[in-house]
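Student: Take this structure, written in structure tokens, and hold onto it; I'll ask about it next.
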Amino acid sequence: MIETIVDSIRVNLVTQSRVVFLREVHGDRHLPIWIGEFEAQGIAMELQGSPSPRPLPWDLIKSFVADLNGTIERVVVNDLSPDVFFARIVVEVNGRTIEIDSRPSDAIALAVRARCPILVDDLVMDRAGVNADSDDDDDDLPGIE
């Protein structure tokens, strides 16, 4: 497993799609994952410390887990089929570990709120990661600003 952090959220200028870039903590690769506008805003708001006037879905999940005396241990981007990423949210409740299937965008939005590690399976990073060995790490992603 490769530990990552949210490096940035960018917009494709052609399609207006959002892309979250996860960056290896101990490496040069980035993992670009296309996400929805709402999820992008939810991640960005938390990273910028901008509170929402009402709880967002990820705030509710975090509250549910805490109220059940649990902790969100980590999220894992664990698989990739042709163009779809898959993730798991790992929760510890009363000594029991529970893994919950999730979209990566929701898992990442929850992870930034829970301040837990965001891990990427080695094979996923090998297949979809891009090197950031130059100043312009978006060469493989046309239209990304």
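Student: Could you compute the net charge surrounding residue 99? Neighbours are other residues with a C-beta less than 15 Å from the C-beta of residue 99; K and R count +1, D and E count -1. Walk me through the intermediate numbers first.
Tutor: On the way: positive: 74, 88, 96, 103; negative: 73, 79, 92, 101, 106, 121.
Around residue 99, the charge tally is -2.
Student: Express in nm, to one decimal, how much length is gained between residue 64 and residue 17 on full extension, taking 0.36 nm for each residue of separation and deducting their alpha carbon distance.
Tutor: Numbers: separation 47, 0.36 × 47 = 16.92 nm, distance 3.04 nm.
Once the chain is fully extended between residue 64 and residue 17, it gains 13.9 nm.
Student: In sequence order, what are the phi-derived ³J(HN,Hα) couplings for segment 102-114 according to the Karplus relation 6.51 cos²θ - 1.76 cosθ + 1.60 with θ = phi - 60°, rounded to whole Hz, with x for glycine and proline?
Tutor: Coupling constants for segment 102-114: 8, 6, x, 4, 5, 4, 5, 4, 6, 4, 5, 6, 7 Hz.
Student: Per the Kirkwood formula on distinct C-alpha pairs, the Rh of the chain is how many angstrom? Show your work: numbers first, answer last.
Tutor: On the way: mean 1/r = 0.0638 Å⁻¹.
Every distinct Cα pair counted, the radius reaches 15.7 Å.
Student: List, in order, the whole-Hz ³J(HN,Hα) value for each residue of segment 9-18 obtained from phi through the Karplus relation with A = 6.51, B = -1.76, C = 1.60 and θ = phi - 60°; use x for Gly and Pro.
Tutor: For segment 9-18, the Karplus-derived couplings read 10, 10, 10, 6, 5, 7, 9, 6, 6, 9 Hz, x marking Gly and Pro.
Student: With both partners inside segment 1-126, how many of the DSSP beta bridges are antiparallel, as a percent to the nearest 5?
Tutor: Taking every DSSP beta bridge with both residues in segment 1-126, the antiparallel ones total about 90 percent.
Student: Moving on. Return the carbon/sulfur percentage of the accessible area of the chain, one whole number, probe 1.4 Å, all protein chains in place.
Tutor: Carbon plus sulfur share of accessible area: 50 percent.
Student: Any idea what the dipole of the chain comes to, in debye rounded to 20, about its Cα centre with Lys/Arg Cβ at +1 and Asp/Glu Cβ at -1? Walk me through the intermediate numbers first.
Tutor: Working: 13 positive and 27 negative charges, 164 e Å.
The calculation lands at about 780 debye.
Student: Next question. Applying the Karplus parametrisation 6.51 cos²θ - 1.76 cosθ + 1.60 with θ = phi - 60° to the phi angles of segment 49-58, what ³J(HN,Hα) value in whole Hz is obtained for each residue in order, glycine and proline being reported as x?
Tutor: For segment 49-58, the Karplus curve yields x, 9, x, 8, x, 10, x, 8, x, 6 Hz.
Student: Show the residues, 5+ positions off or on another chain, whose built amide H is closer than 5 Å to the amide H of residue 74.
Tutor: 90
Student: Now for a separate question. Kindly provide the helix-only [θ] at 222 nm of the chain, computed as the sum of -39,500 (n - 2.57) over DSSP H runs of four or more divided by all residues, to the nearest 500 deg cm²/dmol? Provide the component values of the computation, followed by the final result.
Tutor: Working: 4 runs with 41 residues, N = 145.
Per the formula, -8500 deg cm²/dmol.
Student: Could you provide, to the nearest whole Å², the per residue accessible area of the chain with probe 1.4 Å?
Tutor: Details: 8200 Å² over 145 residues.
Per-residue value: 57 Å².
Student: Taking the Cα centroid of segment 87-132 and of segment 1-71, what is the distance between the two, rounded to the nearest whole Å?
Tutor: 11 Å
Student: Compute the orientation-averaged projected area for segment 13-79 from the convex hull of its Cα atoms and round it to one decimal in nm². Mind showing how you got there, number by number?
Tutor: Values: hull surface 26.9 nm².
The directionally averaged projection comes out at 6.7 nm².
The values are calculated or read from the model by the stated rules, or taken from the named source; none is laboratory data. As the structure is a prediction and not an experimental result, all values here were calculated from the model. Note that we place each Cβ from the backbone using ideal geometry, even for glycine, and neighbour counts take in every protein chain shown. Surface accessibility is based on the protein's heavy atoms, side chains included, excluding ligands, DNA and RNA. Shrake-Rupley method; radii C 1.70, N 1.55, O 1.52, S 1.80 Å.
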